[in-house]
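Below you'll find the structure, written out as structure tokens, and then a few comments.
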Amino acid sequence: MTNIRIWSRKWGSDVQATHQREGEAGHSVRMKGTMGDTQRSQTISPQNHTSVKQATQMTSVDPKFCQQSTPPLLVGEISLNHLAIKAKGNPEMVFTSLAHGIDLAMLREAYRRINKRGAAGVDKVTAASYAQDFDNNLYNLYQQLRRGQYAATPVKRIWIEKENGKLRPIGIPAFEDKIVQKAVEMILSTIYEPKFYKFSYGFRMGKSPHQAVKALREHCIRNNTRWIVSADITGLFDNIDHKHLRDILKLRVNDGGIIRLIGKWLKVGVMEEGKYHRSISGTPQGGVISPVLSNIFLHHVLDDWFVKQVHPRMKGQSFLIRFADDYVTGFELESDARRALAAMQKRFERLGLELHPDKTKLIPFGWPCFRNGKAKKPETFDFLGFTFYRGISLQGQWVIKKKTARKRIIRFKKMIWDWCKKNRHQPILDQYSALCSKLRGYYQYFGVVSNMKALRGVWYRTIMAWRYWLSRRCHKGKVKYEDLMVSYPLPMPRIVHNV
């Protein structure tokens, strides 16, 4: 007789939810007639009912088989689609039973979604080495989570150079931490997606920077925007207060298992050059869970506050566009803009954050005024790598245009110059292929309407840098521009996004 092993949770009645909160006991109601069976939650998926029925009819189970530490045949699973329906239908529901849904199926899906080409963490485990014994590794990870034995590994910290010459810390979690973080991120994103506002575009499914750029331009036109508050939060990922973050999470997700997992990642600390450093505040920038946590934090601190507290008190029209920790607010009246900026600074100070004093500006962005027959153009502002300015269209009318920000152009040109210098002795076909790839990637992001002039400048600079360093590979003389363009033509600039 074939023996089948089945794993499931204990049978019993689940507490019924009331007042839009899962897991709270319901009130007593006097019922007429004979009471039936206690209502029970569905422990396994419907497609496995046949297997369960067959297994329960077995009269004997081999004890040796029960002692084996092998993956179970059936594992209780949580449906993200079902969770999304509940979250959308009950915006104020507090979810209290989620951690049990992180099963083998969800861990496998999380593994499928994470970036396999990322750098290894402190444990030096890569995606390739983890996949060599994937089934056992994933099952052991699941057992650690199920038994409460999971422990996070310190994050590996590296530093990358910023545009202004300063260094930015980047955290690289261990590979198994990435898998569990991705599973929790999938659950949190599903629950919070219906609550996020439409003007939040960062790290969300179906949202992109180009949608944020298009929305910003349309809001400026529709709301007759004359004043812009361009703000930047100083070190958001490094300075988020852990207590404030936990309190905000519990307003929607009050599951002890999920809260404990997030607490482990927040307080696990970092390893830098072999030395361990404790984490008192902030989330590791570069971690899989960090983007969704920052979105949840800013949704409560900024988005919801602006919609419910700031916008109703404005005398003129106003709007907010946010992408992760970068956001722009527009106002019709100067008085509204100054009041809102002062309120933002006070609110962030109460939460232990601050707006960058140099990058946060109040910018006049109205229509040009004419004095002595000359037009005085308004100021410009940057957002997501683009500079927004007022310009004249082909029809002779003043419109809002965009171009690549000056810092981004300088950074790309410097990168091309250094790359051509470093790789000038490589085979010319390899250089040509790499430069074509870099230019196509540049066009793919910055190829927007009214930005053709900047694209052509980058294209020409790339040709000149390549020609300059190819001419210095040997003593035979300079490479002619015409010969290079005929033999190895680089991709021409093109408009990719109609925004």
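Points worth noting:
- Filter pass, Tyr442 being out of contact with any Leu (no Cβ under 7 Å at 6 or more places or on another chain), among the hydroxyl-bearing types (Ser, Thr, Tyr) and farther than 17 Å from Arg217 by Cα: yes
- Boolean, Asp483 is of a type in the set (Asp, Glu) and within 36 Å of the chain's Cα centre (by Cα): no
- Strands (runs of 3 or more DSSP E) wholly inside region 269-372 that include at least 1 residues being in contact with a strand residue (DSSP E or B) (Cβ under 9 Å, 6 or more places away or on another chain) and closer than 29 Å to Tyr389 by Cα: 318-323, 326-331, 361-364, 369-371
- The residue pairs whose first member lies in region 115-131 and is farther than 19 Å from Met271 by Cβ, whose second member is open to solvent by less than 70 Å² (accessible area, probe 1.4 Å) and at pLDDT below 90, and whose beta carbons are closer than 8 Å, counting only pairs six or more residues apart or on different chains, are Ala127/Gly118.
- Taking region 375-487 as the region of interest, the helices (runs of 4 or more DSSP H) fully inside it that hold 3 or more residues being open to solvent by less than 60 Å² (accessible area, probe 1.4 Å) and in contact with a Cys (Cβ under 9 Å, 6 or more places away or on another chain) are 452-470.
So that you can scan it fast, the table gives a plain yes or no per residue for (1) out of contact with any His (no Cβ under 7 Å at 6 or more places or on another chain); (2) open to solvent by 30 Å² or more (accessible area, probe 1.4 Å); (3) more than 21 Å from Ile102 (Cβ to Cβ):
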position	(1), (2), (3)
Thr234	no, yes, yes
His244	yes, yes, yes
Asp247	yes, yes, yes
Val253	yes, no, no
Trp265	yes, no, no
Glu272	yes, yes, yes
Gly282	yes, no, yes
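- Flag if Ser97 is under 25 Å from His299 (Cα atoms), out of contact with any Leu (no Cβ under 7 Å at 6 or more places or on another chain), in a loop (DSSP other than H, G, I, E, B) and polar (S, T, N, Q): yes
- Residue within region 246-257 that is among the small types (Gly, Ala, Ser) and either closer than 17 Å to Leu302 by Cβ or modelled with pLDDT under 90 (or both) present: no
- Checked against (1) farther than 30 Å from Lys308 by Cα; (2) outside any helix (DSSP H, G or I), Lys198 passes all but condition (1).
- Tally, over region 185-218, of residues that are acidic (Asp, Glu) and crowded, with 17+ Cβ neighbours inside 10 Å: 1
- A Cβ distance below 6 Å, combined with a sequence gap of six or more or placement on separate chains, defines the contacts here; from region 384-395, residues that are within 26 Å of Ser208 (Cα to Cα) and without any contact (Cβ under 8 Å) to a residue 60 or more places away in the chain reach residues that are among the hydroxyl-bearing types (Ser, Thr, Tyr) and open to solvent by 10 Å² or more (accessible area, probe 1.4 Å) in the pairs Thr387/Thr380; Tyr389/Thr380.
- Hey, Arg112 closer than 26 Å to Thr190 by Cβ, at pLDDT 90 or above, loosely packed, with under 12 Cβ neighbours inside 10 Å and charged (D, E, K, R) or not: yes
- Ile416, sole failed condition from (1) over 20 Å from Arg217 (Cβ atoms); (2) modelled with pLDDT under 95; (3) out of contact with any Lys or Arg (no Cβ under 6 Å at 6 or more places or on another chain): (2)
- Considering (1) free of Cβ contacts under 8 Å to residues at least 60 places away in the same chain; (2) within 21 Å of Gly235 (Cα to Cα); (3) touching an Asp or Glu at 6+ places or on another chain (Cβ under 7 Å), the lone condition that Met314 does not fulfil carries the number (2).
- Looking only at residues in region 132-173 that are of a type in the set (Gly, Ala, Ser) and surrounded by 14 or more Cβ atoms within 10 Å (Cβ to Cβ), the one that is nearest to Lys264 (Cα to Cα) is Ala152.
The values are calculated or read from the model by the stated rules, or taken from the named source; none is laboratory data. In this text the structure is predicted, and so the values were computed from the model without any measurement. Reconstructed Cβ throughout: ideal geometry from the backbone, glycine too, with neighbour counts over all protein chains shown. When the accessible area is computed, the model is the full protein with side chains, heavy atoms only, and any ligands, DNA or RNA have been set aside. Shrake-Rupley method; radii C 1.70, N 1.55, O 1.52, S 1.80 Å.
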